[in-house]
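A.B. asks: Here you go, one structure.
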Amino acid sequence: MSEDQKNEWPLSGVRVYEIGTSVAAPFGTWILAAMGAEVIKVEPEGRGDDCRHWGPPFWNGTSSMFQALNRDKKSVTVDLSNPEDKAWLRNELVNKADVVLQNMRPGKIASLGLGADELCKENPKLIYTNIWAFGKTGPMKDKPGYDPLMQAYSGLMSLNGEEGRPPVRIGTSAIDMGTGMWCAIGIIAALFERQKSGKGCIVDTALYETALSWMTYHAAGYHSTGELPTPQGSGVQGIAPYQAYECSDGYLVIAAPNNKLFELLKDVLGTPAWTTEERFQTNPERFKNKIELNRLITEITIQQPRAYWQQKLDSVGLPNSPIQKVDEVLADPQTQSLGIVQESVEHAMKLIGLPISFNGKRPPLRNVAPALGADNDTYKN
């Protein structure tokens, strides 16, 4: 990519140092890299980021997860037990960084003399971002954590799956990736503020805080009624019909969250007699009686394939979607039309791009994830 092309993106000219591992910090800095920032990933000598080894699947000997989270970055290795390496890194962070993002075990970065308070005193323009596990304060502030722990501790896992069945983790690292998104939002806000005030700041977030934020309307419901929310399977608390229904060849999600859409669904289903019963006339009543409602709907939908019902539902404008697998999603014409599945310049690997466009242009995939220490000669000499 030429310098002119690089300058098209909002964060061109911003230098970010990631002292991160796993998912949260790398996902946050990838967002910044996609928007044009220069991201230097600082990794331990030897093994590098743990995520490099999380697999299968692997691509060219490196975890495909690592490839997805660390494209468009530079990799520099350091031995933080080596005084020279630590001095080099400290100088980089104080004198060359616009942004630092770190997610080391709580207390570790400060014990190395590289913590936010110390470095921001030396460089008041520095934007320093910490990812904690459970938070900066509180009785659990020094505990480490990972995504499934937060899904469990926040109560989120108690709401997944089917009632009466074992708890289920969300199938993607929603807490880690959400925390990375909050980091990117906080960093961009801090960069905007620095343009006005000339001052940097310390940005703090935590995996647990992200998990709690995803519980926002569940907590609101509990505060409203004192009743615990329950697992809803493919559905949503308080809305019916609004879930996956079995067809003769798979499952189709049907969403009729208001009376107008339920009337359309009645027509599509052939207006069976039960649709006129009082217990199904309002959304609160439908949700109260959703077990029976879902049984009655499924008795009809299971008689035909998904495509049959999709055509009928689409014809009246009723939202619906088949449950697709990854291969179906990637081959889907809608996915392909968005141009969000991107190839690197070497056509080496396809990855999902940033879900944002600027003036109609999506930031391109410039490079696959770097080999461990690939940029040592550029930055350490």
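A.B. asks: In segment 118-132, which residues are over 16 Å from R15 (Cα atoms) and either of a type in the set (S, T, N, Q) or at pLDDT below 95 (or both)?
C.D. replies: N130
A.B. asks: Just to verify a result, which residue in segment 8-33, among those that are surrounded by fewer than 23 Cβ atoms within 10 Å (Cβ to Cβ) and of a type in the set (G, A, S), is nearest to N103 (Cα to Cα)?
C.D. replies: Looking at the filtered set, the residue picked out is S22.
A.B. asks: Quick one: K41 ticks every box in (1) assigned to a helix (DSSP H, G or I); (2) crowded, with 19+ Cβ neighbours inside 10 Å; (3) of a type in the set (K, R) bar one, so which box is it?
C.D. replies: Just one mismatch for K41, condition (1).
A.B. asks: Same structure again: Give segment 315-328 a look and list any residue that's assigned to a helix (DSSP H, G or I) and surrounded by 12 or more Cβ atoms within 10 Å (Cβ to Cβ), or say none.
C.D. replies: Correct list: V316 only.
A.B. asks: Could I ask something else about it? Could you check S81 against (1) out of contact with any strand residue (DSSP E or B) (no Cβ under 8 Å at 6 or more places or on another chain); (2) in contact (Cβ under 8 Å) with a residue 24 or more places away in the chain and say which number it fails?
C.D. replies: Among (1) out of contact with any strand residue (DSSP E or B) (no Cβ under 8 Å at 6 or more places or on another chain); (2) in contact (Cβ under 8 Å) with a residue 24 or more places away in the chain, S81 violates only (2).
A.B. asks: For D72, indicate whether it is closer than 30 Å to W9 by Cα and not in a strand (DSSP E or B).
C.D. replies: yes
A.B. asks: Taking segment 330-355, which residues are among the β-branched types (V, I, T) and either loosely packed, with under 12 Cβ neighbours inside 10 Å or on the phi > 0 side of the Ramachandran plot (or both)?
C.D. replies: Correct list: V345 only.
A.B. asks: May I ask you to verify whether L101 is in contact with a helix residue (DSSP H, G or I) (Cβ under 6 Å, 6 or more places away or on another chain), in a strand (DSSP E or B) and assigned by TED's automatic domain parsing to the domain that holds D79?
C.D. replies: Yes, satisfied.
A.B. asks: Which numbered condition in (1) more than 20 Å from the chain's Cα centre (by Cα); (2) in a helix (DSSP H, G or I); (3) of a type in the set (A, V, I, L, M, F, W, C); (4) under 20 Å from E209 (Cβ atoms) is the only one that C120 fails?
C.D. replies: Checking C120 against (1) more than 20 Å from the chain's Cα centre (by Cα); (2) in a helix (DSSP H, G or I); (3) of a type in the set (A, V, I, L, M, F, W, C); (4) under 20 Å from E209 (Cβ atoms), the one that fails is (4).
A.B. asks: Within segment 171-185, restricting attention to residues that are crowded, with 19+ Cβ neighbours inside 10 Å and more than 8 Å from the chain's Cα centre (by Cα), which residue is nearest to S213 (Cα to Cα)?
C.D. replies: Among residues in segment 171-185 that are crowded, with 19+ Cβ neighbours inside 10 Å and more than 8 Å from the chain's Cα centre (by Cα), the one nearest to S213 (Cα to Cα) is W182.
A.B. asks: Test D327 against the criterion of being in the same structural domain as E263 (by TED's automatic domain parsing) and of a type in the set (D, E, K, R), and give yes or no.
C.D. replies: Here the answer is no, as D327 does not meet what is asked.
A.B. asks: Follow-up question, since we're still on this one. Looking for whichever is modelled with pLDDT under 95 and either surrounded by 15 or more Cβ atoms within 10 Å (Cβ to Cβ) or under 21 Å from the mean Cα position of the chain (by Cα) (or both) here; the options are G135, G161, G115. Which one fits?
C.D. replies: Being modelled with pLDDT under 95 and either surrounded by 15 or more Cβ atoms within 10 Å (Cβ to Cβ) or under 21 Å from the mean Cα position of the chain (by Cα) (or both) holds for just one of G135, G161, G115, which is G161.
The values are calculated or read from the model by the stated rules, or taken from the named source; none is laboratory data. Given the structure is predicted, the values throughout are model-derived calculations rather than measurements. Backbone-built Cβ (ideal geometry, glycine too); neighbour counts: all protein chains shown.
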